[in-house]
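Below is one structure, written out as structure tokens, with a few remarks after it.
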Amino acid sequence: MDATNSNTALIASAYVTQIALGFAQDYQTDRISRIAPQMIEQMPSVSLEQRPWYNANLSSRWFFVPA
């Protein structure tokens, strides 16, 4: 990844990561359904949510901390 423009590189990296995670989750579910279909109902489901802990409203006035 070319990081000459770091903001664009980080956004592209995040998109690729989300796509790869979605593929891995679908692949694993399909694999388990082929190996042991009875396990699908018993498998716990985990959902990750991204949220800001600081400045939940994303107000730019309070989001940036001066150095």
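The values are calculated or read from the model by the stated rules, or taken from the named source; none is laboratory data. Quick caveat: nothing in here was measured; it's all calculated off a predicted structure. Positions of Cβ are backbone-derived with ideal geometry, glycine not excepted, and every protein chain shown enters the neighbour counts. Only protein heavy atoms, including side chains, enter the accessible area calculation; ligands, DNA and RNA are left aside. Shrake-Rupley method; radii C 1.70, N 1.55, O 1.52, S 1.80 Å.
Tabulated results
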read-out: Members of the stretch 36-49 found to be open to solvent by 80 Å² or more (accessible area, probe 1.4 Å) and not small (Gly, Ala, Ser), listed by number; value: GLN38, MET39, GLU41, GLN42, PRO44, VAL46, LEU48, GLU49
read-out: Identity of the residue in the stretch 21-55, at pLDDT below 85 and among the acidic types (Asp, Glu), that ends up nearest to the chain's Cα centre (by Cα); value: GLU49
read-out: Unique match (being in contact with a helix residue (DSSP H, G or I) (Cβ under 9 Å, 6 or more places away or on another chain), of a type outside the set (A, V, I, L, M) and surrounded by 10 or more Cβ atoms within 10 Å (Cβ to Cβ)) among SER13, SER33; value: SER33
